[in-house]
Each structure stands twice: as structure tokens, then as C-alpha cells.
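Every number here is computed from the coordinates shown, using simple stated rules; none is lab data. As the structure is a prediction and not an experimental result, all values here were calculated from the model. Reconstructed Cβ throughout: ideal geometry from the backbone, glycine too, with neighbour counts over all protein chains shown.
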Amino acid sequence: MPQHNHKDSAMRCGVVGIGNIGSAVATGLAKAGHDITISKRSAAQSQRLAKAFPNITIAENQHVLDHSDIVFIALNHDVAAAALTALRFRPDHIIISLMAGCDLDALARLVSPAPATTIMIPFPAIAGGGSPILVMGDAAPVERIFGDSDSIIAITDSAECDAFLAAQAILSPVAVMVAAAAEWVDQHGGDANKAEPFLRQLIASSLNGMASDDLIAALNTPDGFNQRLRLYFEEIRLKANVHDGLSRLSQVAD
């Protein structure tokens, strides 16, 4: 039985599969005030969400479908077939797949008679809003749900999707660079606990404010700190190394 009883909101959303990404999506939906039913997969995650949000209910997978109009499929690809073919979908379900490696044709066979028209690739920041969301196929349902809080980027085909997924891996190295810079501040008379949030906000606000080329030009004061560090990185082939690293990811994916 569900753990909460509450009135239906305008949008009844279900999430099948509560791993890290499914949990982030459920959090974003709950903060927006929607009525969310989530599956029991990853009991610790589900329990945490249900305790945090009164509009989140935990249920068996079929109950998730029965009490949802929009269904987010967030299962691992290797278990999706067994889990989904055991469920009864409705023709009027709106299916949004979060599954990497499962194209729309394959998904359609798993969720019939519901149509499979949308693949959505979210990132952890969707939990708080302000995150980019990649969408392939029909973007309208995602725009309707997340368009006011997040940035929807339409992807044309699987090749473009693969390129974006590889490129987003730059996030972890950037985080390492921020942590390293904060550590350097700590070693040179500053406080890393103040430096890291300063650097995060500085980078986020600067890149949100203008295109990368414009920002580089704005920070290109002759012999200024930004120019000098950028030129040093050019000497050690930072740009070429980024390209090489992303190409290696593409080779692994192929």
C-alpha cells in the first residue's frame, strides 16, 4: 500500500526506478508541487524521498502506473525488459524514458499500448532546478513539466546525443579544478571553505552570463591573472587534451 494519501494535483507523475537520477527527477517534481508516486526500487532512496515530501507516495510498480498520467522510466537498461513487460500500461500514458542505451523503438515494445515518444536525459541538478535537460523525440511533455525551472535542449538523433553525453563528462574535471584551486587558496593564507563556494558561484554566474568566447575575451587583460593562467594551460595543451579525452570516451562508447 502507498505510504501517503493526498489529493491528486494537476499533474500525476510516476517514477519507475529510484536510483540517483530517478531520485533527482522525483525531487524536482515534488518541489514543483506535483503528485508523485515512486517505485520501491532502492528502498533507502524511496524512504528518504517519502519522508522529505508529503506529495510523494511509495508503491509497487503497477500501482505507480495506475496512479500516474505521466510515467518516467528510470530503470537500468539491463533490467528494463523484465520489469516493464510485467506491467500493464494504458494507451493514454505519457512515457518519458530516462534510460541510457534504450531507443524509442525498443521502448515502444516494452510499454505498449502506451506510445513511446520521448527520451529525456536529466542531470543531478534537476533536483533543485536550473539544470540543462537533453531531450530526444517529442520535447513537449518535458517542456510542460520542467520548462519553467530548467533549460530544455532538443537533440536531433543518437549521434548528437552520444556527443553531448561525452561532452558533459567535462563536469567532473572542472569540479576537480575548482577543488584544487580552493586547496591552493588554503595553502596560501586563505580559507578553502570560503574559496570553494566563491569559485563555484564565480564560474556559474560568469558562464551563465555570456558565451565562452566572449568571456575569454573579457578576461584577456594583457598580463592579467586570467590571461597568464590560460596561456599556461595552452602551453600544456589543455584544449587538445580535452579533445583527446572526449575522443577516448567516444571510442569506448563505439
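General remarks:
- The 3J(HN,Hα) values that the Karplus relation (6.51, -1.76, 1.60; θ = phi - 60°) gives for region 131-148 are, in residue order, 9, x, 10, 8, 9, 10, x, 6, 7, 4, x, 5, 4, 4, 8, 10, x, 7 Hz. Gly and Pro appear as x.
- Proximal aspartates and glutamates relative to Lys51, as straight alpha-carbon distance under 20 Å, when same-chain residues fewer than 8 apart are discounted: Asp8, Asp35, Glu60
- Over the chain: helical MRE at 222 nm, DSSP H runs n ≥ 4 each giving -39500 (n - 2.57), nearest 500: -15500 deg cm²/dmol
- Residues with amide H under 5 Å from that of Thr37, placed H, sequence gap 5 or more: Cys13, Gly14, Val15, Thr57
- Distance (nanometres) between label positions extended 7 Å along Cα→Cβ at Val242 and Phe123: 1.3
- By the count of neighbouring beta-carbon atoms within 10 Å, fewest first, Phe89, Phe146, Phe225 end up ordered Phe225, Phe89, Phe146.
- For the chain, the convex hull spanned by the alpha carbon atoms encloses 153 Å³ per residue.
- Principal axis box of region 95-171, alpha-carbon based, largest edge first, Å: 35, 26, 19
- For region 169-253, the average shadow cast by the Cα convex hull is 6.8 nm², which is a quarter of the hull's surface.
- Positive-end ranking of Pro113, Leu171, Cys102 along the dipole of the chain, with charges on Cβ about the Cα centre, is headed by Pro113.
- Using the Cα coordinates of region 12-155, the gyration tensor eigenvalues translate into equivalent-ellipsoid semi-axes of 20, 19, 13 Å, sorted from longest to shortest.
- FRET efficiency, Arg228 to Asp191 (Cβ-Cβ, R0 22 Å, nearest 0.05): 0.35
- Listed residues Asn20, Asn61, Asn193, most fluctuating in the chain (Gaussian network, C-alpha, under 10 Å): Asn193
- Under the combined filter of DSSP loop state and at most 16 neighbouring Cβ atoms within 10 Å, region 157-240 retains these trypsin sites (Lys or Arg not before Pro): Arg237.
- Its convex hull of Cα atoms gives region 127-205 a direction-averaged projected area, equal to a quarter of the hull surface, of 6.3 nm².
- Ascending count of other beta-carbon atoms within 10 Å, so fewest first, for Val135, Val25: Val135, Val25
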